[in-house]
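What follows is a set of notes on a single structure, which appears directly below.
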Amino acid sequence: MEVLREQENFRSAQQLYLDIRQRRPLQIGLTSVYRILRALADDRIVEAQRAEDGEILYRLRTGAGHRHYLLCRQCGKAVGFTPADIEEHTRRLSRQHDYTDVTHYVDLYGVCPQCRTTTPPATLNRS
């Protein structure tokens, strides 16, 4: 939990594992880190967000509501938003077709201003 508290950015299990190994005298395996993160996500203590390449990223939950994110593909900084029209359309479509337990994903990716000024344009990941 300490490692998750250190940053607000979303980070991969591998990034968190490396942070733990470099900064803490803990002997923990990557598999354990994944298992712990999944349990924390199930308990709604951490948020899980899919990266552009499909990898799951994690951070401590910052609010109780359903959110979507504009995510920096360089540093993991996230700007939360709730698109009211998409949320309403999802509810209406679900009711119209009698679906329950409906989930959806709206993910936006880009490069934040800070990363844009510190990373030369030729090296930006443009997936």
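Residue selection: GLN74 satisfies the criterion of being crowded, with 16+ Cβ neighbours inside 10 Å, polar (S, T, N, Q) and in contact with a helix residue (DSSP H, G or I) (Cβ under 7 Å, 6 or more places away or on another chain).
Within region 11-47, the set of residues being at pLDDT below 90 and either within 16 Å of CYS75 (Cα to Cα) or touching a Pro at 6+ places or on another chain (Cβ under 7 Å) (or both) comprises just one member, ASP19. Within region 29-46, take every residue that is of a type in the set (D, E, K, R) and within 16 Å of GLN14 (Cα to Cα) and give me the one that is surrounded by the most Cβ atoms within 10 Å (Cβ to Cβ). In this case the residue turns out to be ARG38. Kindly evaluate CYS115 against the criterion of being under 22 Å from GLU52 (Cα atoms) and either touching a helix residue (DSSP H, G or I) at 6+ places or on another chain (Cβ under 8 Å) or surrounded by fewer than 16 Cβ atoms within 10 Å (Cβ to Cβ) (or both). No. Having 1 or more residues that are in contact with a Lys or Arg (Cβ under 8 Å, 6 or more places away or on another chain) and among the basic types (Lys, Arg) is the bar; report the strands (runs of 3 or more DSSP E) wholly within region 25-127 that clear it. So the answer is 56-60.
From the residues in region 73-102 that are in contact (Cβ under 8 Å) with a residue 60 or more places away in the chain and in contact with a strand residue (DSSP E or B) (Cβ under 7 Å, 6 or more places away or on another chain), which one is farthest from GLU6 (Cα to Cα)? Only one residue tops the list, namely ALA78. Look at TYR105 and say whether it is of a type in the set (Phe, Trp, Tyr) and surrounded by fewer than 16 Cβ atoms within 10 Å (Cβ to Cβ). Taking the combined requirement at face value, the residue satisfies it.
Suppose the filter is closer than 27 Å to VAL111 by Cβ, in contact with a Gly (Cβ under 9 Å, 6 or more places away or on another chain), at pLDDT 85 or above and surrounded by 14 or more Cβ atoms within 10 Å (Cβ to Cβ); does GLN7 pass it? No; evaluated as a whole, the condition is false for this residue.
The values are calculated or read from the model by the stated rules, or taken from the named source; none is laboratory data. Small disclaimer: the values here were computed from a predicted structure and weren't measured. Here the Cβ is made from the backbone with ideal geometry for all residues, glycine too, and neighbour counts use every protein chain on show.
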